[in-house]
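Down below is the structure, laid out as structure tokens.
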Amino acid sequence: MAKHEPLFAAEKTAAGLLDMRPHEFRSLVNAGALPRPIMIGDVERWRVDQLKAIATGEAMDTQIKW
């Protein structure tokens with residue numbers, strides 16, 4: 001059976017993807033440094049593709065010129 005990659009992550013999982021503790025992760029979310037969760041019904045979830053884009057630098061708004 002094929003393994004599925006998650007599209008969304010709960011706070012604890014999202015923090016783990018960035019090697020952070022949940023309270024560190026939530027602090028950065030509240031500060032605006034990380035994206036806010038989306039609501040699926042009454043459940044908060046983070047988009048895994050957004051977290052990956054942050055980790056790889058693809059989420060930067062501007063290009064760095066050397």
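The values are calculated or read from the model by the stated rules, or taken from the named source; none is laboratory data. Keep in mind it's a predicted model, so treat the numbers as computed, not measured. Cβ coordinates were reconstructed from backbone atoms using ideal geometry, including for glycine residues, and neighbour counts include every protein chain displayed.
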Residue list for the stretch 14-27, filter: surrounded by 11 or more Cβ atoms within 10 Å (Cβ to Cβ), free of Cβ contacts under 8 Å to residues at least 24 places away in the same chain and within 16 Å of K52 (Cβ to Cβ):
A15, G16, M20, F25
For the stretch 23-33, enumerate the residues that are within 17 Å of P6 (Cβ to Cβ) and either part of a loop (DSSP other than H, G, I, E, B) or in contact with a Lys or Arg (Cβ under 7 Å, 6 or more places away or on another chain) (or both).
none
For the stretch 41-66 the number of residues that are modelled with pLDDT of 95 or more and not in a helix (DSSP H, G or I) is 7
Looking at the stretch 3-44, which of its residues are within 21 Å of M60 (Cα to Cα) and of a type in the set (K, R)?
R26, R36
